[in-house]
Amino acid sequence: MPAKKIIPCLDTKNGKVVKGIKFIDMQDIGSPPQMAEEYCAQGADEVTLLDIAATLESRQTTLGLVAETAKRVSVPLAVGGGIRSADEMGAVLKAGADKVSVNSAAVKDPSVISESAERFGKQCVIVAIDAKRIGDRWEVITHGGTKSAGIDAVEWAKRVEDLGAGEILLTSVDADGVKDGYDIPLNRAIADAVTIPVTASGGCGKIEDFYEVFSQTNVSAALAASVFHYKQFTVGEVKEYLKDRGVQVR
């Protein structure tokens with residue numbers, strides 16, 4: 001079994017790292033390049049940079065911020081937010097990203113996934129799925145957590161894999177920022193439905209949450225933000241904790 005990855009996430013707005021609850025009530029935290037560099041020093045396996053306002057503001061991710069952050073990191077940099085086409089994905093990769101995630105644009109036009117995979121390789125293409133429990137299923141949510149697409153999240157995950165996505169970044173809208181732990185049923189359902197790597201996101205509030213999601217689901221990585229931003233523990237401390245409990249980490 002491949003080693004599990006720990007990924008700090010930098011949600012950005014107006015060039016600053018921000019954090020909120022269920023995608024709202026954002027507060028400024030700090031500088032993306034500086035924080036990314038710090039997380040690399042702690043042993044992060046990747047860093048994710050998400051421009052959470054780009055889609056709502058109908059603009060592309062800020063390329064200058066991507067380039068500045070890429071210069072400061074020594075691990076793969078994944079970037080998302082406002083990517084609407086394969087051409088825009090190419091521009092983000094050229095700016096220094098190693099992987100690019102698409103969400104709302106892929107729901108609107110799934111050919112963005114297949115075209116991007118053909119042009120840049122599936123290893124560069126992440127499909128971000130924001131999912132919320134509605135009735136007896138999880139539905140795909142777009143536009144920064146503001147619109148329901150009316151699509152079953154498990155079925156969408158299967159489809160994006162068929163279209164050529166290399167990874168899925170799965171965020172539980174219900175759990176985001178609440179700090180009650182990852183949404184185990186959601187992560188289990190998606191990870192069991194596909195063969196590509198799934199990164200769990202949304203809800204991490206204590207170090208035990210990492211062990212829970214790795215021991216109870218087949219996700220390949222766990223992403224977290226506030227627990228690292230507010231220095232509850234470091235990436236290195238998470239890895240040592242997991243190693244002590246028999247979880248293979250990088």
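The values are calculated or read from the model by the stated rules, or taken from the named source; none is laboratory data. Quick caveat: nothing in here was measured; it's all calculated off a predicted structure. Cβ: placed from backbone, ideal geometry, glycine included. Neighbour counts: every protein chain shown. To get the accessible areas, we keep the full protein, side chains included, count just its heavy atoms, and leave off ligands, DNA and RNA. Shrake-Rupley method; radii C 1.70, N 1.55, O 1.52, S 1.80 Å.
Quick look at the numbers
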quantity: Extension reserve of the Val178-Ser215 stretch, reckoned as 0.36 nm per residue once the Cα distance is removed; calculated: 11.2 nm
quantity: Estimated distance in nm for a label pair at Arg137 and Asp28, the labels positioned 7 Å out from Cα along Cα-to-Cβ; calculated: 4.3 nm
quantity: Modelled FRET efficiency - R0 35 Å, Arg245 with Asn14, Cβ distances, 0.05 increments; calculated: 0.35
quantity: Whole-number D in µm² s⁻¹ for the chain, Kirkwood Cα-pair radius fed into Stokes-Einstein, 25 °C, 0.890 mPa s; calculated: 139 µm²/s
quantity: Kirkwood hydrodynamic radius (C-alpha pairs) into Stokes-Einstein, the range 106-250, 25 °C and 0.890 mPa s, D in µm²/s; calculated: 157 µm²/s
quantity: Lys, Arg +1 and Asp, Glu -1 on Cβ, resulting dipole of the range 77-209 about Cα centre, debye, nearest 20; calculated: 220 debye
quantity: Whole-angstrom gap from the range 187-238 to the range 72-150, using each part's C-alpha centre; calculated: 19 Å
quantity: Solvent-accessible area per residue for the chain (1.4 angstrom probe, square angstrom); calculated: 42 Å²
quantity: Virtual spin-label span in nm between Asp109 and Gln123, 7 Å along Cα→Cβ; calculated: 2.8 nm
quantity: Label zone at Asp98 (point 7 Å along Cα-to-Cβ), backbone N below 20 Å, the range 202-244; calculated: 219-225, 235-240
quantity: Solution diffusion estimate, µm²/s, Stokes-Einstein, the range 74-126, Kirkwood Rh from C-alpha pairs, 4 °C, viscosity 1.567 mPa s; calculated: 121 µm²/s
quantity: FRET efficiency for Tyr230 and Ala3, using Cβ-Cβ distance with R0 set to 22 Å, rounded to 0.05; calculated: 0.25
